[in-house]
Amino acid sequence: MNSLTLNFYARSKVSTGVSVHHLYELPIPKLTAAQKTKLADSASKLLKSPQDVKARAALEVFIARELYGLSLDEWKHLTSTFTFGSGATKAELDEIIRQSLALWRGVPEEALLPAQ
């Protein structure tokens with residue numbers, strides 16, 4: 001449930017606080033066995049290396065595109081709303097978003113270099 005896609009959705013529905021009612025409204029997709037396996041494998045990889053920006057970007061693209069059926073334009077809009085924060089955390093988020101856009105456009109994971 002911790003993804004940019006659900007973060008965006010929750011922020012669009014909540015103005016001041018989150019209640020249990022809001023949690024019940026979250027659009028949680030039904031996953032196939034293959035999707036569950038991919039999600040578990042991605043989570044396992046991130047647990048071993050939480051700062052792996054490439055893995056996080058790939059997971060965000062999988063969630064947005066494969067689980068929620070978002071288009072590239074919808075993903076661009078969604079990620080453009082993450083303008084808060086500063087310092088290293090914001091830089092990491094910006095890099096995740098930059099790499100997710102490249103992955104979405106078909107740039108192979110191996111070719112992605114960190115932004116300068």
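The values are calculated or read from the model by the stated rules, or taken from the named source; none is laboratory data. Remember, predicted model here, so these are calculated numbers, not experimental data. Cβ: placed from backbone, ideal geometry, glycine included. Neighbour counts: every protein chain shown.
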Checked Lys45, Lys38, Lys13, Lys30 against criteria (free of Cβ contacts under 8 Å to residues at least 40 places away in the same chain, more than 19 Å from Lys90 (Cβ to Cβ) and in contact with a His (Cβ under 9 Å, 6 or more places away or on another chain)); the one match is Lys13
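Would you check if Val18 is exposed (fewer than 11 other Cβ atoms within 10 Å of the Cβ), without any contact (Cβ under 8 Å) to a residue 40 or more places away in the chain and not charged (D, E, K, R)? Working first, answer last.
Details: exposed (fewer than 11 other Cβ atoms within 10 Å of the Cβ): yes; without any contact (Cβ under 8 Å) to a residue 40 or more places away in the chain: yes; not charged (D, E, K, R): yes.
It is true that Val18 is exposed (fewer than 11 other Cβ atoms within 10 Å of the Cβ), without any contact (Cβ under 8 Å) to a residue 40 or more places away in the chain and not charged (D, E, K, R).
With a cut-off of at least 1 residues that are in contact with a Ser or Thr (Cβ under 7 Å, 6 or more places away or on another chain), name the helices (runs of 4 or more DSSP H) lying wholly within the stretch 1-92.
Details: elements: 4-13, 20-25, 33-48, 53-61, 72-80.
Fully inside the stretch 1-92 and qualifying: 4-13, 53-61, 72-80.
Give Ser12, Ser49, Ser44, Ser19 a once-over and let me know the one that is under 16 Å from Ala64 (Cβ atoms) and hydroxyl-bearing (Ser, Thr, Tyr). Write out each step before concluding.
Working: Ser49 fails: under 16 Å from Ala64 (Cβ atoms); Ser44 fails: under 16 Å from Ala64 (Cβ atoms); Ser19 fails: under 16 Å from Ala64 (Cβ atoms).
Step by step, each of Ser12, Ser49, Ser44, Ser19 is checked, and only Ser12 is under 16 Å from Ala64 (Cβ atoms) and hydroxyl-bearing (Ser, Thr, Tyr).
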Quick check, is Glu110 out of contact with any Cys (no Cβ under 8 Å at 6 or more places or on another chain), modelled with pLDDT under 90, in a helix (DSSP H, G or I) and acidic (Asp, Glu)? yes
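For Leu31, are the conditions met, namely being surrounded by 13 or more Cβ atoms within 10 Å (Cβ to Cβ) and more than 23 Å from Leu101 (Cα to Cα)? Working first, answer last.
Numbers: surrounded by 13 or more Cβ atoms within 10 Å (Cβ to Cβ): yes; more than 23 Å from Leu101 (Cα to Cα): yes.
When the stated conditions are applied, Leu31 passes them.
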Step by step: first the residues of the stretch 81-105, then only those that are exposed (fewer than 12 other Cβ atoms within 10 Å of the Cβ) and at pLDDT below 85, then the one that is farthest from Ser12 (Cα to Cα). Which residue is that? Ser86
